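The values are calculated or read from the model by the stated rules, or taken from the named source; none is laboratory data. These numbers come from a predicted model, not from an experiment. Cβ: placed from backbone, ideal geometry, glycine included. Neighbour counts: every protein chain shown. Just the protein is used for accessible areas: all its heavy atoms, side chains included, with ligands, DNA and RNA removed. Shrake-Rupley method; radii C 1.70, N 1.55, O 1.52, S 1.80 Å.
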Amino acid sequence: MIEWLLLLLLGIGVGFNLLASVGILRFPDVYTRIHASTKCTTFGTIFIVLSAIVYSIYNWRLSHDTAWITMGIHSALVVIFLVLTNPVGAHALGRAARKSGIRPYGAVIDELEGRL
């Protein structure tokens, strides 16, 4: 039963990461590419790390070895730091692109025009 749960979590994570790679290849400008890469890879990595947490809890219940709990705690910290740093990085990339003069593709109204 646990194998099916792990396969489901890993499949969802890999699916989101594949969507991110397709988005990077298909979207027309830097802003939509940033959106695809940060949203999808954040969700994909969360599901992959969640499968590692479930696996470590399952193995800890079988062996009562504290190394599995340590792995689970470290994995949870990875998720916390990822959720905190990915949006900040995406915002910094978008701001740098905007300040360097890269305009959004197909924008009709640019409300930031003249505010640089």
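Mind checking the full-extension length gain between His64 and Leu6? Use 0.36 nm per residue of separation minus the Cα-Cα distance, one decimal, nm.
My answer for the length gained is 18.9 nm.
Assign unit charges at the C-beta atoms only (+1 for Lys and Arg, -1 for Asp and Glu), then state the dipole size of the chain relative to its Cα centre in Debye, rounded to the nearest 20.
It works out to roughly 320 debye.
Tell me the label-point distance for the pair Tyr105, Leu18, using the 7 Å Cα-to-Cβ offset, in nm and rounded to one decimal.
Result: 2.3 nm between the two label points.
In degrees from 0 to 90, rounded to the nearest 10, what is the angle of the helix 30-63 Cα long axis to the longest principal axis of the chain?
10 degrees
Tell me the per residue accessible area of the stretch 37-79 using a 1.4 Å probe; a whole number in Å² is fine.
60 Å²
Any idea which of Leu82, Ser63, Leu93 is furthest toward the positive side of the dipole for the chain, if Lys and Arg beta-carbons carry +1 and Asp and Glu beta-carbons -1?
Leu93
So what's the net charge close to Val54: Lys and Arg +1, Asp and Glu -1, counting the other residues with Cβ under 14 Å from its Cβ?
Charge balance near Val54 sits at 0.
What whole-number value in cubic angstrom gives the convex hull volume per residue for the C-alpha atoms of the stretch 30-77?
Given the Cα convex hull of the stretch 30-77, per-residue volume reads 47 Å³.
If you fit an axis through the alpha-carbon atoms of helix 66-99 and take the longest principal axis of the Cα set of the chain, what angle between them do you get, 0 to 90°, nearest 10?
Helix 66-99 and the main axis of the chain meet at about 0 degrees.
Kirkwood Rh over alpha-carbon pairs of the chain, then Stokes-Einstein at 20 °C and 1.002 mPa s: what D in µm² s⁻¹, rounded to an integer?
Answer from the Stokes-Einstein relation: 131 µm²/s.
Leaving out ligands, DNA and RNA, what percent of the accessible area of the chain is carbon and sulfur, probe 1.4 Å?
C and S fraction of accessible area: 71 percent.
Enumerate by residue number the chymotrypsin sites (Phe, Trp or Tyr not before Pro) in the stretch 14-116 meeting two conditions: DSSP loop (anything except H, G, I, E, B), and at most 11 other Cβ atoms within 10 Å of the site's Cβ.
Tyr105
Which value, in Å² rounded to 10, gives the accessible area of Ser21 with a 1.4 Å probe and all protein chains present?
Probe radius 1.4 Å; accessible area of Ser21 about 50 Å².
Using r as the Cβ-Cβ distance of Leu77 and Leu25, and R0 as 25 Å, what FRET efficiency do you calculate, to the nearest 0.05?
With a Förster radius of 25 Å, E is 0.20.
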